[in-house]
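Worksheet: the structure to be examined is printed underneath.
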């Protein structure tokens, strides 16, 4: 099926490439008013209107002529690949995945630039990157050369979310701090009828919750971590993992771990609501990120604040339960490890912004583009606010509490903001400096819940050369091994065999490449 | 008269080409379709050469370097290849065995119904699932078949142990076959129903006069009349054995049933997710198509041996 599509795509690309390139050049010649023309791509919440307010705003302010390519976000990767195959590369190319970025860089469709150029063209942006991570730009180097700027995303740890009303019914008041205490609570949640309906229909935890157990052994199975020798090793094959699996195996056979844990808790790929948690099947989850459990604050930066998905959905069923949700800390395991997986400010999951190879020899234009990117995302809170929400006084304004109020109610919808060229259209690259501006309550909440405590990040921040060859196979091997050990269809000692297989099926090669990369970064 | 013209025009006449000239206007109307196929189905086939190349956007299809059979070698060498290949064939075979005769039987049964309204209602209901996408059905079946779902509640009521249908290697393939049957039975029966309406009622009348009952009529009139359609549909079905139903499996499978449910297209999809490896997926696609065409030839040849119907 895939193949047919791709063949079709390539065929269509072949047929259309001449026609398209013809159109492109004509369009370019139409309005040359001395302004630098920049073709632009980004993640779009909705197609941007012709003559959109915000595009005009930035065009006038920065003396450029920005042409946003309306590519639907859901099909972005396919569509942009098709355009590139047809010879059309936007000046500012938004690349959502690290794998595509690496491929494009190797294929030679991206302009190469240096750290010094970033420093010279956009000093504030450069400074922000350096402040975030000394190696921020190095993470995007492919064969030692820089082709793209990484997007910055706030770091979020997995949550440790408990149903407070269940704990109350079970006579527990203290949130677990150690794995033993955690185990006791999980057993009670499964055995002692926490929902009080008289039937045994609850479990302690499910697919997301197992990460809390892995974390108590200091492991995130999908992540690379540093061992005591300063080398990168893959979390999923560490000896401690065997202990974690042994515990989960016991919980599974005792009916504490939801037998359906192999099916993701997520309602859908794009949702972060935990279905079993909201449906009252489990009393604990570590699914998603902590803000998916965020309460609604009266005093946020926007007049109308929102509730995290899980709280919102649970409220529809049981308002008391929604208010009772408690966030705990990662629990301490038998070896003193304590942690939980977390996203990275700059990781392999963050997007990249690159530039067409046509700009390689057009330093003037490249410089201008850097200026645009820096002005919008890195110079001031006002600019960023404008880029995200629209023009103050036209689309929104502050109320007496200094909160954002949209002057037309429709702009509360991000799709409406995207249509005028705000929302994410211009802000793929933006400093995180002003993220907490006006969100004192939320900052306080995150501090109170120690939302960053014990966060384990993936130490590997690049796509390895052989990942495309071995990645899927190894992932399959790993998930099958874990499931068969936990459900008891294979002995616990199968873990050792799995580690051997993992190493010989490409894991060794990946480890070697990971360490080569790691040395280069250090 | 005709014989003499044939003699005169020789090859041009024998090959039948003259008829295109004779019906010029009609031939012209055929032209757009031919052009459509040439441009969108044949010209684009050229892209399949990237299966033998190390494809790169910048160098294009022609400029990318040749790598011989490297992509195919990678496919055969990967640890999971034979597992997913076997799963594809086994699941398709199960689906063929159940899914092929079922619509024929269904069409014959429907045909025997007399009541106009009842027949129409049954027909419409049986078509409906065809129009639902697997994304929706996947969610539906996950609920229905989950441990707390209605089917397991029923099993518990009659004193049986609950079964985790979608997470148990023993049941997963059956779930695939049954759900696919349920979804497609009505829709696939349409072609047979159409063929059934073409049977001359006089045949039935004559059979009745000779004292043939319903069953005899079905065996000696209905089924033989359907043989041409059945043959052609069978050739198509065999040809598509290698094509798994990506949408269905992708929406129903999970890691616990990889060993019985992971098929070529889902495996390939996961590879595509990590890397945009067009050349590799093209190689897999080409391999599948070669198998499909060989299967079609074999079935067509065999079918023609036994009766006179075939695709060509």
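Each reported figure results from applying straightforward, stated rules to the coordinates on display, with no laboratory input. Quantities reported herein were computed from a predicted structural model and do not represent experimental measurements. Here the Cβ positions follow ideal geometry from the backbone for every residue, glycine too, while neighbour counts run over all protein chains shown.
Data table
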| quantity | calculated |
| --- | --- |
| Sorted peptide list for B:65-74, B:235-244, criterion being average Cβ within 10 angstrom, highest first | B:235-244, B:65-74 |
| Inter-label distance, nm, simple model (7 Å from Cα along the C-beta direction), residue A:63/residue A:253 | 7.6 nm |
| Under the Debye formula (equal points on every Cα, no solvent term), log10 I(q)/I(0) of the range B:183-312 at q = 0.13, 0.15, 0.19 Å⁻¹ | -0.76, -0.89, -1.11 |
| Gain in span if fully extended, residue A:491 to residue A:415, counting 0.36 nm per residue against the direct Cα distance | 22.2 nm |
| Potential extension, residue B:153-residue B:205 segment - 0.36 nm per residue separation minus Cα distance | 13.7 nm |
| DSSP beta bridge pairing in chain A, given as percent antiparallel to the nearest 5 | 65 percent |
| Residue-span extension gain [residue A:222 to residue A:381] - 0.36 nm each, minus C-alpha spacing | 53.7 nm |
| Rough spin-label spacing in nm, given labels placed 7 Å along Cα→Cβ, for residue B:73 and residue A:53 | 6.1 nm |
| Residues B:110, A:359, B:28 arranged by fewest to most Cβ contacts within 10 Å | B:28, B:110, A:359 |
| Candidates B:283, B:207, B:107: whichever shows maximal mean-square fluctuation once chain B is modelled as a Gaussian network with Cα springs under 10 Å | B:207 |
| GNM top mover of B:216, B:53, B:14 - chain B, alpha-carbon springs below 10 Å | B:14 |
| Calculated FRET value between residue A:199 and residue A:72, using beta carbons and R₀ = 41 Å, to 0.05 | 0.35 |
| For the range B:147-170 and the range A:243-283, distance of Cα centres in Å | 18 Å |
| Label-point separation in nm, residue A:367 to residue B:309, each point 7 Å along Cα→Cβ | 7.7 nm |
| Computed [θ] at 222 nm, helices only, for the protein assembly as shown once each DSSP H run of length n ≥ 4 contributes -39500 (n - 2.57) | -15500 deg cm²/dmol |
| The range B:78-123 versus the range B:189-254: alpha-carbon centroid distance in Å | 11 Å |
| Residue mean of other protein chain beta carbons inside 10 Å, B:289-302 | 0 |
| Using alpha-carbon coordinates, inclination of helix A:363-378 to the longest axis of chain A, degrees | 50 degrees |
| Cβ-based exposure ranking for A:203, B:37, B:46, A:252, in which fewest neighbours within 10 Å come first | B:37, B:46, A:252, A:203 |
| Residue mean of other protein chain beta carbons inside 10 Å, A:466-472 | 5 |
| Per-residue average of Cβ from other chains inside 10 Å of A:253-264 | 3 |
| Rounded to 10°, Cα long-axis angle of helix A:239-253 versus longest principal axis of chain A | 60 degrees |
| Sorted peptide list for B:138-146, B:301-309, A:462-470, A:287-295, criterion being average Cβ within 10 angstrom, highest first | A:287-295, A:462-470, B:138-146, B:301-309 |
| Tail fraction, Cα-Cα pairs, the range A:375-487, threshold 18 Å, whole percent | 70 percent |
| Ascending count of other beta-carbon atoms within 10 Å, so fewest first, for B:161, B:262 | B:161, B:262 |
| On Cα atoms only, tilt of A:179-191 relative to the major axis of chain A in degrees | 80 degrees |
